[in-house]
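The values are calculated or read from the model by the stated rules, or taken from the named source; none is laboratory data. What you see is a predicted model, and the numbers here were worked out from it, not measured in a lab. Here the Cβ positions follow ideal geometry from the backbone for every residue, glycine too, while neighbour counts run over all protein chains shown. SASA here: full protein model, heavy atoms, side chains in, ligands and nucleic acids out. Shrake-Rupley method; radii C 1.70, N 1.55, O 1.52, S 1.80 Å.
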Amino acid sequence: MEIPGYGKLKFGAVLFDLNGTLGVEGRVPEDVKKLLVKLADRCTVVILSADTFGTLEEEFKGLPVRIERVSTGAEKAEIAEGYAPYVAIGNGNNDVAMLERAELGFCVIGKEGAAVDALLASDVVVTDVRDAIEMLLDERKLIATLRE
């Protein structure tokens with residue numbers, strides 16, 4: 001995808017943080033799951049999580065996504081590199097390195113807030129993960145935000 005004045009974006013995977021990004025307290029809304037299925041038709045969708053609330057497998061059972069368990073931000077960034085080039089979507093301090101190394105980083109400032117360093121490491125800021133996914137599904141929305 002070519003974004004005027006910004007450059008060309010190329011990625012094969014979209015990596016998501018779970019808590020505070022895709023859902024709250026380990027639960028992901030059904031409409032967000034449907035958007036993930038649409039996105040998975042276009043690229044690899046990966047959920048990176050420490051599974052704080054113990055819901056990881058249950059929430060994504062039967063969905064066309066990959067699950068990667070992580071303990072630290074460094075581990076999250078290391079696993080993310082294996083999917084490069086990638087888009088990262090997160091909100092916490094443990095997402096910063098993954099966001100910095102991404103072709104494109106989204107910070108989600110939702111109900112659980114966002115870490116300032118995650119915000120500063122991102123290219124796009126949204127208040128709902130649905131908006132980030134919809135921007136990836138309709139590149140015109142992304143172009144409208146990023147073009148110079």
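Are there GluC sites (Glu not before Pro) in region 1-57 that DSSP marks as loop and that have at most 13 other Cβ atoms within 10 Å, and which are they?
The qualifying sites are GLU25.
Write down, largest first, the equivalent ellipsoid semi-axes of region 71-148 in whole Å, where each equals the square root of 5 times an eigenvalue of the alpha-carbon gyration tensor.
Result for region 71-148: semi-axes of 20, 15, 10 Å.
So for the chain, if I pair up every lysine 8 or more residues apart or on another chain, how many of those pairs have alpha-carbons under 21 Å apart?
Lysine pairs satisfying the spacing and distance rule in the chain number 12.
In percent, what relative contact order does the chain have, based on Cα pairs under 8 Å that are 6 or more apart in sequence?
27 percent
Does region 35-113 classify as rounded, prolate or oblate by the C-alpha gyration tensor (a ≥ b ≥ c root eigenvalues; a/c under 1.5 gives rounded; else a/b over b/c gives prolate, otherwise oblate)?
rounded
Ignoring ligands, DNA and RNA, what percent of the accessible area of region 1-98 is carbon or sulfur (1.4 Å)?
Heavy-atom surface of region 1-98 belonging to carbon and sulfur, 1.4 Å probe: 49 percent.
Along its principal axes, what span do the Cα atoms of region 26-67 show, with the longest given first and each in whole Å?
If we take the Cα atoms of region 26-67, the spans are 29, 18, 13 Å.
Taking N as the number of residues in the chain, what value does Rg over Cα atoms divided by 2.2 N^0.38 Å take?
0.94
Give, rounded to the nearest 20 debye, the magnitude of the charge dipole that region 78-148 has about its Cα centre when Lys and Arg contribute +1 at Cβ and Asp and Glu contribute -1 at Cβ.
Roughly 200 debye for region 78-148.
Measuring from a point 7 Å past the Cα of THR127 along Cα-to-C-beta, which residues in region 1-40 have an amide N at less than 18 Å?
20-24
Of all trypsin sites (Lys or Arg not before Pro) in region 1-88, which ones are in loop regions per DSSP and have a Cβ with at most 14 other Cβ atoms within 10 Å?
LYS10, ARG42, LYS61
Let me spell out the model: positive unit charges on the Cβ of Lys and Arg, negative unit charges on the Cβ of Asp and Glu, origin at the Cα centre of the chain. What dipole size does that give, in debye rounded to 20?
Magnitude of the dipole: close to 380 debye.
Using the beta-carbon distance between ASP31 and ALA144 and R0 = 25 Å, what value does 1/(1 + (r/R0)^6) give for FRET efficiency, to the nearest 0.05?
Step by step, r from the Cβ atoms, then E = 0.65.
At 7 Å along Cα-to-Cβ for each site, give me the label-to-label distance between THR52 and LYS38 in nm.
2.8 nm
Which whole-number value in Å² is the accessible area per residue of region 1-123, probe 1.4 Å?
Accessible surface, normalised per residue, equals 47 Å².
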